[in-house]
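Okay, structure first, notes after.
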Amino acid sequence: MNGSEIFGAWVAVFLTLGIFSYLYKDNPFYKIAEHVFVGVSAGYWMSMFFWTQIQPNLFGRLWPVPEGAISGFFMRTWYAIYNFFGVLLPSVFPDGGIDKGHGTHPHFIYIIPFILGVMMLLSVVSKWSWFARLGIAYTVGMAAGLRAYAFLNSNVLVQLKGSAVSFVGLDWFSLTDASIINNVIILIGTITGLLYFYFSKEHKGTFGKVTRVGIYFLMISFGASFGFAVMGRISLLIGRFTDLITYGSSTYNYASLWVLLLMIGLLAVWTFKGDKKVAS
């Protein structure tokens, strides 16, 4: 076991126990772990998004590897700009162009998203922050238009298709396949659940009893979804406890034990000083 693995185990134990310390109350260890998690996550996702999306799909289309010698004043000027960027950032703009399988001719239409992206970055400059509104407005409008059909198809049409059950040629009951009883439950749950959200009529009498059945179906659905989510989180929690037990062995110099004792001691001192300050 080399030193870097042992150091990584100690860091993992500190961050894990720092998050768990919030169960006691908000404290400096939790704040450190939270800030490290947010900062590292933001940096990681920004780096991954840049190298998997912006560099290959944007710059790779604006400056692909040309076929043969570059001719024409405009093209020479265009690749001169690329060479200038290459001097500043050679890892992003390698010599000769970016070969990501986007052909050999620049796709100048991608200048538009490039400009919009620069506009959004100008939001950090108060004098020019109004430029960001154009980029944000275009992004929001485009995303809304593109996702409207996908949302309609997945959340409306597919749900309607799934609710259009059949009772022909089915067994009376089955735990794994479609059956008459299962389809009756789906039909009743769909109708009563929809009627619950019909507020133009007061939920009293027969209509109120029907909508109450819809509430039962909704609560069962929400409970099953919540239980499934909790089951996934519990599996993650078990994984963290397993790692803490592993890192508490002599192989890792009893990292879990020492970090836990250190945190308990420092939290006790921090709490005592806080209570003493409040009392004074």
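Read the figures in this text as sums done on the coordinates, not as results from a lab. Please read these numbers as outputs of a predicted model, since none were measured by experiment. Every residue, glycine among them, receives a Cβ derived from its backbone with ideal geometry; neighbour counts consider all protein chains shown.
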Can you compute the helix-only [θ] at 222 nm over the chain? Use -39500 (n - 2.57) per DSSP H run of at least 4 residues, normalise by all residues, nearest 500 deg cm²/dmol. -22000 deg cm²/dmol
Arranged by the count of other C-beta atoms within 10 angstrom, fewest first, what order do LYS25, LYS31, LYS127 take? LYS127, LYS25, LYS31
List the chymotrypsin sites (Phe, Trp or Tyr not before Pro) in region 204-253 that DSSP assigns to loop (not H, G, I, E or B) and whose Cβ has at most 16 other Cβ atoms within 10 Å. Which are they? none
Student exercise: in the chain, how many lysine pairs 8 or more apart or on different chains have Cα atoms under 18 Å apart? 4
Rough spin-label spacing in nm, given labels placed 7 Å along Cα→Cβ, for LEU122 and VAL269: 5.2
Gyration tensor (Cα) of the chain, equivalent ellipsoid semi-axes in angstrom: 47, 41, 23
Under 4 °C and 1.567 mPa s, how fast does region 169-247 diffuse according to Stokes-Einstein, given a Kirkwood radius computed over C-alpha pairs? Answer in µm²/s, whole number. 83
Could you pull out every whole DSSP H run in the chain that spans at least 18 Å of Cα extent along its own axis and averages 1.6 or higher on the Kyte-Doolittle scale? 3-20, 180-196
Subtracting the Cα-Cα distance from 0.36 nm times the residue separation, let me have the gained length for VAL210 to MET48 in nm, one decimal. 53.2 nm
Report the far tail of the P(r) of region 2-114, meaning the percent of Cα-Cα pairs longer than 18 Å. 64
Multiply the residue gap between PHE222 and ILE115 by 0.36 nm, knock off their C-alpha separation, and tell me the result in nm, one decimal place. 34.1 nm
What distance in nm separates the two pseudo spin-label positions at LYS161 and VAL36, each 7 Å out from Cα along the beta-carbon direction? 4.8
Amide N proximity, region 159-201 versus LEU152 label position 7 Å along Cα-to-Cβ, cut-off under 15 Å: 159-160
